[in-house]
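All of the numbers you see were taken from the coordinates with simple rules; none came from a lab. In this text the structure is predicted, and so the values were computed from the model without any measurement. Glycine also receives a Cβ, built like all others from the backbone with ideal geometry; neighbour counts cover every protein chain displayed.
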Amino acid sequence: MAAMLKCVMSGSQVKVFGKAVQALSRISDEFWLDPSKKGLALRCVNSSRSAYGCVLFSPVFFQHYQWSALVKMSENELDTTLHLKCKLGMKSILPIFRCLNSLERNIEKCRIFTRSDKCKVVIQFFYRHGIKRTHNICFQESQPLQVIFDKNVCTNTLMIQPRLLADAIVLFTSSQEEVTLAVTPLNFCLKSSNEESMDLSNAVHSEMFVGSDEFDFFQIGMDTEITFCFKELKGILTFSEATHAPISIYFDFPGKPLALSIDDMLVEANFILATLADEQSRASSPQSLCLSQKRKRSDLIEKKAGKNVTGQALECISKKAAPRRLYPKETLTNISALENCGSPAMKRVDGDVSEVSESSVSNTEEVPGSLCLRKFSCMFFGAVSSDQQEHFNHPFDSLARASDSEEDMNNGSFSIF
Amino acid sequence: MKFRAKIVDGACLNHFTRISNMIAKLAKTCTLRISPDKLNFILCDKLANGGVSMWCELEQENFFNEFQMEGVSAENNEIYLELTSENLSRALKTAQNARALKIKLTNKHFPCLTVSVELLSMSSSSRIVTHDIPIKVIPRKLWKDLQEPVVPDPDVSIYLPVLKTMKSVVEKMKNISNHLVIEANLDGELNLKIETELVCVTTHFKDLGNPPLDVVFKCIPIILASESTHEDRNVEHMAEVHIDIRKLLQFLAGQQVNPTKALCNIVNNKMVHFDLLHEDVSLQYFIPALS
């Protein structure tokens, strides 16, 4: 039995699915189809590893949902489970999910299934009068990436109606690269990033102040100002048009990623965006967040020169995070651009075949690439664990806080999106 | 130098926004002249603009319920600012359902025109939106180039047809040639002509009407030399000017709403002057002849 996916959707479900694909296309040109017991996840990450999107459709979202993974028996009784490793290009998929409103009206059913023997995904639309439209898309075998990020420990949490975000977004032009979110316990302000407007003397600086009573939920632990990419913010807004659920925003201090989430029981969307680190925190020694010890390598990592190296751990630099080290020998790195991740080193830890990237980039190294990318802290990634059983049992346990002891690490697991 | 003004009336705000949109379509960069009674949007006829010039004037009291300004000096109680027109129109566009709009001159790192809007929202607290539009203050020595252009003595003065119709005709003609001839006579006839080796296209507008002389020259007293009064000439004689069609198209594209009054003055082979009135805002646009 090969790893496979098979699912069936109605017209209105296709619209939501199509919106998810459109939203993810704002982040990247490719995405992974990752079916599991939790449902079908669409995941993508941008080329500079500063934005990650995941839309998880629960099994009950579909009219029919079926998936399987390949279980490989090995001599030493360590079975490994191989999940579907399917990466698709947006260029192939977006045209299929165009005109979502007319798809919603006209199709009776949509079937998506994989053919692992031919590395193809088949998407079929069934219309009235026996008309059927079939698309065969080749996929690349590629291990999906997940981001490990715990929303529950964020100091600041907001919940807003999508309308509010849409109103704020019209203030800025499409040429605006970065926006800054500034909050105090009483109010909220979205404004064009100061750094950008200083450089271009012709740029308009815009701000919108919104009172806390316009929010469904407004909990601010400390005054914060964080800056992130504007384009990716628009991505989640696209998706919010499909559901009517509010958007939750989780964030901390500058440098730590920001999460935008929509959860309407059937579908859960998470967009994790890197934020600009403070000047001070970049100068100080970087510290890593832990790697989940349960992460196991299931198979070879595909290395594509300079791009989308999967299974690699990139560390998030945060000045104020308590040092939490899992592997005493792990080197701390300051990776701020993909170019530096060119040659990861293999490292065996605790008997598991884990892969940890090492990069010799120092704090002060000048990284090629745009000004914007250079300064963003990367997010933290792990390969999708081959054995996800334990994750299913504790899907949203929060990370044990501020402890150096390895025992604590073994008990908890991260929230994995 | 100081400037602060406030609009609270919704209709005034919408009108001001429409004017600003029009200016943004007519001129990428323009000069805003602030004086105690008026606001002017000015484009002077530099080579960079292709010789096109524009003069737009509005009475401040028709828009603002608060208006305070202090010019460069007591004798020169005016302010001349250069700005990117689109920045202002975009800022005003976000003020759709505003309770109030304030504009003031500020200096935040560099001189700005700050547009601040108080928006109505669902909850008790309002939303405040602020836009800092960077501007350049124009020094007094350059003011002489930015004065109201002299309306030339036209050979023909005629009311324009519906601008939307004119625009769709000119748009199609643009695909054929960049060289357009506008001609008109005192019998209410206006023609737009395009000519290439292969084809010649003319659109005829009839019964447009010609304004009387006092409308053409407004209140400026004119001493007409008796030999060149219009009555002597054949009313069917066409005055013409050859212009770049793209400039005409840009002018027409800026007119989203049909104006209250629209007329055009042609100086034979020299230039065409468009004189429009949008409710209480006057717009003059000059397109020179192709050399």
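Using alpha carbon centroids, what distance separates the stretch B:84-144 and the stretch A:168-189, in Å? Cα centroid of the stretch B:84-144 versus Cα centroid of the stretch A:168-189: 17 Å apart. Rounded to the nearest whole Hz, the Karplus-based 3J(HN,Hα) values (6.51 cos²θ - 1.76 cosθ + 1.60, θ = phi - 60°) of the stretch B:243-256 follow the sequence 10, 7, 5, 5, 5, 5, 5, 4, 4, 5, 5, x, 9, 6, with x at glycine and proline. Karplus-based coupling profile of the stretch A:14-30, in residue order and whole Hz: 4, 4, 5, 4, x, 5, 5, 5, 5, 5, 5, 5, 6, 9, 8, 8, 9, with θ = phi - 60° in 6.51 cos²θ - 1.76 cosθ + 1.60 and x standing for Gly or Pro. Per-residue mean of foreign Cβ neighbours for B:129-137 is 5 (Cβ atoms of other chains, 10 Å radius). Neighbours of A:Q22, meaning other residues whose beta-carbon lies under 10 angstrom from its beta-carbon, give a summed charge of +2 when Lys and Arg score +1 and Asp and Glu score -1. FRET efficiency for the B:D280 to A:V60 pair, using the beta carbon distance and R₀ = 60 Å, is estimated at 0.45. Could you tell me the relative contact order of chain B? Use alpha-carbon pairs under 8 Å, at least six residues apart, and round to a whole percent. Dividing the mean separation by the residue count of chain B yields 18 percent.
Dividing the mean sequence gap of close Cα pairs (under 8 Å, 6+ apart) by how many residues the stretch B:51-188 holds gives a relative contact order of 17 percent. Each residue of the stretch A:156-165 was assigned a 3J(HN,Hα) from its phi angle through the Karplus curve 6.51 cos²θ - 1.76 cosθ + 1.60 (θ = phi - 60°); the sequence is 10, 9, 10, 10, 10, 6, x, 4, 5, 5 Hz, with glycine and proline shown as x. Note on B:E148 and B:H237: with the Förster distance fixed at 35 Å, the Cβ-Cβ geometry gives a FRET efficiency of about 0.70. Helix B:10-26 axis versus longest C-alpha principal axis of chain B: approximately 60°, rounded to the nearest ten.
Give me the net charge for the shell around B:V117: Cβ to Cβ below 9 angstrom, other residues only, Lys and Arg +1, Asp and Glu -1.
+2
With the simple spin-label model, which puts each label point 7 Å out from Cα in the Cβ direction, the A:C138 to B:K108 separation comes to 5.3 nm.
Taking label positions 7 Å along the Cα-Cβ direction at both B:E75 and A:Q219, the computed distance is 6.8 nm, reported to one decimal. If R0 is taken as 56 Å, the Cβ-Cβ distance between A:F126 and B:V8 corresponds to a FRET efficiency of 0.45. Other residues within the sphere of radius under 12 Å centred on the Cβ of B:V241, judged by their own Cβ, net out at -1 (K and R +1, D and E -1). Taking the Cα centre of each part, how many Å lie between the stretch A:73-136 and the stretch B:155-188? Each part reduced to its Cα centre gives a spacing of 56 Å.
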